[in-house]
1. Quick one: 3J(HN,Hα) in Hz for segment 28-35, Karplus 6.51/-1.76/1.60 with θ = phi - 60°, rounded, Gly and Pro as x.
2. Using the Cβ atoms and a cut-off under 14 Å, what net charge is assigned to the surroundings of Ile43, where Lys and Arg are +1 and Asp and Glu are -1?
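Bear in mind these aren't lab numbers, they're just calculated from the coordinates by the rules spelled out. Note that this is a predicted model, so its numbers are computed, not measured. Cβ sites come from the backbone with ideal geometry, for glycine too, and all protein chains shown count toward neighbours.
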Amino acid sequence: MTPQELIQAKYTGSVSVLSDYINISAQTIGILIVGILFWRALIAYQNKKNKSRFKSTYFDSPYSKHWRK
């Protein structure tokens, strides 16, 4: 098809924009799902990293452990 025929088909209504909307919404949902999965993976990695850190005993004292009593 020539560009003129494509333009004419678009403006006469024979080309539907529904397929464009479906493609955009599918891409949006896909990006959201991948983003949420990536976010959850980063949270799991950070939690694992924080649990494996060495805790210093410098600030541990009898007073700091029982200051609320």
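1. The phi angles translate into 5, 5, x, 5, 4, 5, 5, x Hz.
2. Numbers: positive: Arg40, Lys48, Lys49, Lys51; negative: none.
Here the charged neighbours net out to +4.
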